[in-house]
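Worksheet: one structure, shown below.
The values are calculated or read from the model by the stated rules, or taken from the named source; none is laboratory data. The shown structure was predicted, so the numbers you read here are calculated from the model rather than taken from an experiment. Virtual Cβ from ideal backbone geometry, glycine too; neighbours counted across all protein chains shown. Heavy atoms of the whole protein, side chains included, go into the accessibility calculation; ligands, DNA and RNA do not. Shrake-Rupley method; radii C 1.70, N 1.55, O 1.52, S 1.80 Å.
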Amino acid sequence: IMRIFLLTLIALTLTACSKPYDKYVGHWKAEDTKFTRILEIYKEDKDTYLVNDNILAENDAFGNKKNGKVLEKKDDGLGVNNGLTVIPFTVSDDGKTLRISDKRYTKITEDEVKTIVKNKKDCDALRNQYLEESKSFNLFAKDAEKAKQEQAKEGYLTKQKQIPNCDFYIAKAY
């Protein structure tokens with residue numbers, strides 16, 4: 001009984017010491033978007049929280065290597081400063097949903113993140129392979145040559161369907 005009491009006391013102490021911001025830490029998958037976006041909130045040190053708005057993109061919109069943005073602490077919550085104001089992040093009571101303005105994110109596990117990252121790498125590799133091979137395709141191909149090109153495209157379509165959320169354009173013949 002003494003051991004249970006001590007463990008409970010330690011657990012309560014740790015809970016009391018954890019910052020209200022720690023519930024934001026983790027990976028969050030954007031809902032209602034055509035393309036998969038995974039937001040990551042992490043701690044840099046004891047008191048600094050950062051956000052990477054999309055771990056699947058290595059560069060920002062300007063082509064620069066992305067760095068995490070420092071989040072600002074506001075009343076037991078975190079927010080990002082867009083230069084004009086601080087946009088608050090809101091986490092649901094159960095800790096499974098994050099809202100940033102009109103966007104909704106669902107918390108996902110490390111295993112889910114690894115699977116999504118692997119699928120993206122596999123899809124990018126397949127896309128690059130297709131683009132490289134398609135350079136040799138003759139737009140005016142006839143008969144056997146055309147059939148061979150269409151067979152190659154069908155092969156890429158089949159492989160593409162085997163990778164979740166893999167959606168790149170494969171030209172159809174006319």
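What do you reckon, is residue 136 open to solvent by 60 Å² or more (accessible area, probe 1.4 Å) and under 30 Å from residue 54 (Cα atoms)? Full working, then the answer.
Details: open to solvent by 60 Å² or more (accessible area, probe 1.4 Å): yes; under 30 Å from residue 54 (Cα atoms): no.
Spelling it out, it is not the case that residue 136 is open to solvent by 60 Å² or more (accessible area, probe 1.4 Å) and under 30 Å from residue 54 (Cα atoms).
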Exercise. Out of all the residues in the stretch 16-33, is one or more open to solvent by 40 Å² or more (accessible area, probe 1.4 Å), at pLDDT 70 or above and among the polar types (S, T, N, Q)?
Worked result: yes
For this session: For residue 114, indicate whether it is open to solvent by less than 80 Å² (accessible area, probe 1.4 Å), closer than 28 Å to residue 160 by Cα, basic (Lys, Arg) and out of contact with any Phe, Trp or Tyr (no Cβ under 9 Å at 6 or more places or on another chain).
Result: no
For this session: Give the stretch 117-138 a look and list any residue that's closer than 13 Å to residue 164 by Cβ and out of contact with any helix residue (DSSP H, G or I) (no Cβ under 8 Å at 6 or more places or on another chain), or say none.
Result: 117, 118, 119, 120, 121, 122
Problem set entry | Residue check, residue 89 in contact with a Lys or Arg (Cβ under 9 Å, 6 or more places away or on another chain), surrounded by 13 or more Cβ atoms within 10 Å (Cβ to Cβ) and either at pLDDT 95 or above or within 21 Å of residue 170 (Cα to Cα) (or both) | no
Exercise. Right, residue 145: closer than 28 Å to residue 114 by Cα and of a type in the set (D, E, K, R) or not?
Worked result: no
For this session: Take the stretch 135-168 and flag every residue that is over 16 Å from residue 125 (Cβ atoms) and in a loop (DSSP other than H, G, I, E, B).
Result: 135, 136, 137, 138, 139, 140, 141, 142
Problem set entry | Condition check for residue 106: more than 29 Å from residue 159 (Cα to Cα) and either surrounded by 12 or more Cβ atoms within 10 Å (Cβ to Cβ) or without any contact (Cβ under 8 Å) to a residue 40 or more places away in the chain (or both) | no
